[in-house]
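**Student:** Have a look at the structure that comes next, please.
The values are calculated or read from the model by the stated rules, or taken from the named source; none is laboratory data. Model, not experiment: these values are computed from the prediction. Here the Cβ positions follow ideal geometry from the backbone for every residue, glycine too, while neighbour counts run over all protein chains shown.
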Amino acid sequence: MIGIILTGHGNFATGLTTSLNLIAGPQENYFPVDFVEGDSPEDLKNKINEKIELLKECTEIIVLSDLVGGTPFKVVAELTLTNPKLTLLSGTNLGLLIEANLTKSFQTDAKSFGSQLVESAKSQLIRFEMPQDKEEDFEDEDGI
């Protein structure tokens, strides 16, 4: 079983979690961890370790962070040196978070799952351009 922790600057983690819950419902084996003003890197490390402990039944844990090289990324990267259960992915967006949570129960290896998620996230980033002859069709479509 794979667990997921989401972390990032400010209320990135809890903010994306509200969207995740709205779209996909509350998730099991998932925890958001915010790095808010006034927190030190050590505070963040302690909060993440608390969530790791809550996921002790999981064989592996994917930790998603917001920015490559930011403090949340660095703290988790350091944790991966001593905790082989952790796999770190960075550059998280809502699509990636939803996909990770909805498909984690079908996965057995966090490293290969992480690679799949990275490839999927790359394909989710697009630049939309309205086709010249399809403007009317676009207005009639429902969103999520």
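**Student:** Are any residues in the range 102-117 in contact (Cβ under 8 Å) with a residue 24 or more places away in the chain, under 18 Å from PRO84 (Cα atoms), exposed (fewer than 14 other Cβ atoms within 10 Å of the Cβ) and within 16 Å of the chain's Cα centre (by Cα), and if so, which ones?
**Tutor:** LYS111
**Student:** Determine, yes or no, whether THR92 is free of Cβ contacts under 8 Å to residues at least 12 places away in the same chain and among the β-branched types (Val, Ile, Thr).
**Tutor:** Taking the combined requirement at face value, the residue does not satisfy it.
**Student:** Could we say that THR14 is of a type in the set (Ser, Thr, Tyr), in contact with a Ser or Thr (Cβ under 8 Å, 6 or more places away or on another chain) and either surrounded by fewer than 18 Cβ atoms within 10 Å (Cβ to Cβ) or closer than 22 Å to GLY114 by Cβ (or both) here?
**Tutor:** no
**Student:** Cβ-Cβ distance below 8 Å, separation of 6 or more or different chains: which pairs start in the range 40-61 with a residue that is under 20 Å from SER90 (Cα atoms) and in contact (Cβ under 8 Å) with a residue 40 or more places away in the chain and end on one that is β-branched (Val, Ile, Thr) and in a helix (DSSP H, G or I)?
**Tutor:** Taking only residues 6 or more apart or on different chains, the pairs are ILE48/VAL75; ILE48/VAL76; ILE61/ILE52.
**Student:** Looking for whichever is assigned to a helix (DSSP H, G or I) and either of a type in the set (Lys, Arg) or modelled with pLDDT of 95 or more (or both) here; the options are LEU89, LEU64, LEU97. Which one fits?
**Tutor:** LEU97
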